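Everything below concerns the one structure shown next.
The values are calculated or read from the model by the stated rules, or taken from the named source; none is laboratory data. Predicted model, so just to flag it, every value in this text is computed and none were measured. No Cβ is skipped: glycine too gets one built from the backbone with ideal geometry, and neighbour counts run over all protein chains shown.
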């Protein structure tokens, strides 16, 4: 009986180690103005071992998310929304992510963003923040391309969340001004597992491979 219970426990750990997260993209689109031109932003989703969601804003169709500097657009916006769930309810909880933003701004060009993470079970906000990038027409602004990584920690770990993010591009109507949103990515992290659990799952994987070869 003890051997059976141990085997079940090992199998549960292995299932958790190799199972994928469920990542569902709810929205990945934007608008460029004028005239009002809807755009669709392609995504890349990695669900194992931890979620990674990338919005390819520079590859949006029919136009990339760029304004000013000969694009014909003076403003734009992007809205992304996605949900992450643990289908097995056995994986280590999500505890944060690295928030990657890449783009460029010139002169009066600006990119502002707002982002929040909500726990689905009770709609609690686990994290929210906002920020902006300015061209050198503004005090403290800098012209050119940028790529930043913002480390984010959730208020409490969770395994069922929805993420909302909005970007606004403005200032493209002025001569020599422009902005472009090239990439938005979130690389999630989980609560570290005890070393013994990881070793057990790894050992089981090796054992299964040996049995298959035999």
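In this structure, does residue 126 turn out to be over 13 Å from the mean Cα position of the chain (by Cα) and on the phi > 0 side of the Ramachandran plot?
In short, no.
Would you confirm whether any residue within segment 52-64 is in contact (Cβ under 8 Å) with a residue 60 or more places away in the chain and more than 15 Å from the chain's Cα centre (by Cα)?
Scanning segment 52-64, I find at least one residue that is in contact (Cβ under 8 Å) with a residue 60 or more places away in the chain and more than 15 Å from the chain's Cα centre (by Cα), so the answer is yes.
State whether one or more residues within segment 133-141 are touching a residue at least 60 places away in the same chain (Cβ under 8 Å) and surrounded by 15 or more Cβ atoms within 10 Å (Cβ to Cβ).
No - not one qualifying residue is present in segment 133-141.
For the subset of segment 12-44 comprising residues that are within 28 Å of residue 87 (Cα to Cα) and over 20 Å from the mean Cα position of the chain (by Cα), which member is modelled with the highest pLDDT?
Top of the filtered list is 18.
Among the residues of segment 145-196, how many are in contact with a strand residue (DSSP E or B) (Cβ under 8 Å, 6 or more places away or on another chain) and not in a strand (DSSP E or B)?
So the answer is 8.
How about segment 30-56: which of its residues are under 26 Å from residue 158 (Cβ atoms) and either in contact with a helix residue (DSSP H, G or I) (Cβ under 7 Å, 6 or more places away or on another chain) or outside any loop (DSSP other than H, G, I, E, B) (or both)?
Passing the criteria: 41, 43, 44, 45, 46, 52, 53, 54, 55.
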